[in-house]
């Protein structure tokens, strides 16, 4: 280990900003459920802006089949990457819709229209967003879903967080899903 560095072993408390840390399997610095009405859809925040000094957010998410996934959207100033761990994601990236199976990777540059959902079984993926801040949108969605009075719409909340809603979530029954062949790169 490099002298002068402190590595925090997490047990759910936040480390001081700028310090390295380790999370055990299943641990998270935060949890949020942004899918309204889908209690099984919980995002485990592995790294947020609070720990990364605003540089990036990393989260783990299992999309159950009852969760349609996010609406078609684009981030104004955030790049995003998804790594599929289990199952398969049906991903719309620009005008293309592809099936991305376990081990597959999706790069989503800022301002690229995209959406995704579990294909035919629950799908687990690791999401990375840079710079950080997308976790604030997830919390806003969760809080709006808990409001009984006049909650803001998803589009209103998205706009406040630099996200433009462009259309509905993917319909897995009509989207079509050509698979990315192993060893092949599919550019948009």
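List the strands (runs of 3 or more DSSP E) inside region 55-100, counting only whole elements, that have at least 2 residues being touching a helix residue (DSSP H, G or I) at 6+ places or on another chain (Cβ under 8 Å) and in contact (Cβ under 8 Å) with a residue 24 or more places away in the chain.
57-63, 72-75
Among the residues of region 154-173, which ones are more than 21 Å from residue 90 (Cα to Cα) and not in a helix (DSSP H, G or I)?
161, 162
Can you tell me which residue among 140, 144, 129 is outside any strand (DSSP E or B), at pLDDT 85 or above and closer than 28 Å to residue 30 by Cβ?
Answer to the selection: 140.
The values are calculated or read from the model by the stated rules, or taken from the named source; none is laboratory data. For clarity, every value in this text was computed on a predicted model and none was experimentally measured. A quick note on method: Cβ atoms are made from the backbone with ideal geometry, for glycine too, and the neighbour counts reach across all protein chains shown.
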